[in-house]
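Structure record follows, encoded as structure tokens.
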Amino acid sequence: MGELNEIERGQLCQSTIESLYEATGGLRSFPGLLKKIIANKAWERRVSKGKVIELSSLRELITEKPVRGWGEDPKKVEAVIKDDPEALTAYRAAMLHQGERADLHDNVIEVNPKPDQGNSKSYTLSRLERDHGELFQQVCDGELSANAAAIKAGFRKVKTPAEQLIHWWKKASADERGEFMEWMGIDQD
């Protein structure tokens, strides 16, 4: 398949945003269309409503107001593609190359975040694709969840029951701790 011309890129971008709002079945086609936009960098130069539009990034296509872009929130786009590992990975890579980490909105690393750390699904999939291609393919084929593949790859661990108790104890309110102590039969005096 050859490279798309600017009219075809314009049509692709328009079809993709329309699929986001289509009531019946449009969301199913959105991840595939978005992958095609990313593969062709369709945002760079396209024709829309008879005008040539040039954007420097996928982020601009998503966030710029219509007609230049879609006027959407990148988090919404990511939420729509979250169940398509290939689309999510391509999206994250395209967004990363544009100067902003795509996984910060759900990343619990808060102090001195490093670009090679995280716990978001998009980060996990990117790392699996980069370092563990076979496991990434199993996720794409629906054989494993991203979390199970990360555990299998060894970069995510399963907390022991004791670690889980400690984790949730720290998060519990004073009332919840008291309720638990009562359930355990431990005198709180």
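Under the condition of being basic (K, R) and surrounded by 12 or more Cβ atoms within 10 Å (Cβ to Cβ), which residue from the stretch 59-74 is farthest from Q11 (Cα to Cα)? Before the answer, list the steps.
Residues of the stretch 59-74 basic (K, R): 59, 65, 68.
Then drop every residue that is not surrounded by 12 or more Cβ atoms within 10 Å (Cβ to Cβ), which leaves 59, 68.
On the way: R59: 18, R68: 13 Å.
Here the residue is R59.
Between A42, A79, which is among the small types (G, A, S) and under 14 Å from the mean Cα position of the chain (by Cα)?
Working: A42 fails: under 14 Å from the mean Cα position of the chain (by Cα).
Just one listed residue meets the conditions, A79.
Mind listing whichever residues of the stretch 33-92 are aliphatic (A, V, I, L, M) and without any contact (Cβ under 8 Å) to a residue 24 or more places away in the chain? Explain how you work it out, then say what you get.
First, the residues of the stretch 33-92 that are aliphatic (A, V, I, L, M): 33-34, 37-39, 42, 47, 52-53, 55, 58, 61-62, 67, 77, 79-81, 87-88, 90.
Within the stretch 33-92, L33, L55, I62, V67, A79 qualify.
Would you check which residues across the stretch 160-189 are outside any helix (DSSP H, G or I) and in contact with a helix residue (DSSP H, G or I) (Cβ under 9 Å, 6 or more places away or on another chain) and list them?
Here is the first cut: in the stretch 160-189, the ones outside any helix (DSSP H, G or I) are 160, 172-173, 185-189.
Matches in the stretch 160-189: A172, I186, D187, Q188.
Before we move on, is S57 of a type in the set (S, T, N, Q) and either in contact with a strand residue (DSSP E or B) (Cβ under 6 Å, 6 or more places away or on another chain) or modelled with pLDDT under 90 (or both)? Here the answer is no, as S57 does not meet what is asked. For the stretch 49-58, the criterion of a residue being surrounded by 22 or more Cβ atoms within 10 Å (Cβ to Cβ), part of a helix (DSSP H, G or I), of a type outside the set (F, W, Y) and outside the structural domain of N147 (by TED's automatic domain parsing) is satisfied by at least one position.
The values are calculated or read from the model by the stated rules, or taken from the named source; none is laboratory data. Predicted, not measured: the structure shown is a model, and the values here were computed from it. Reconstructed Cβ throughout: ideal geometry from the backbone, glycine too, with neighbour counts over all protein chains shown.
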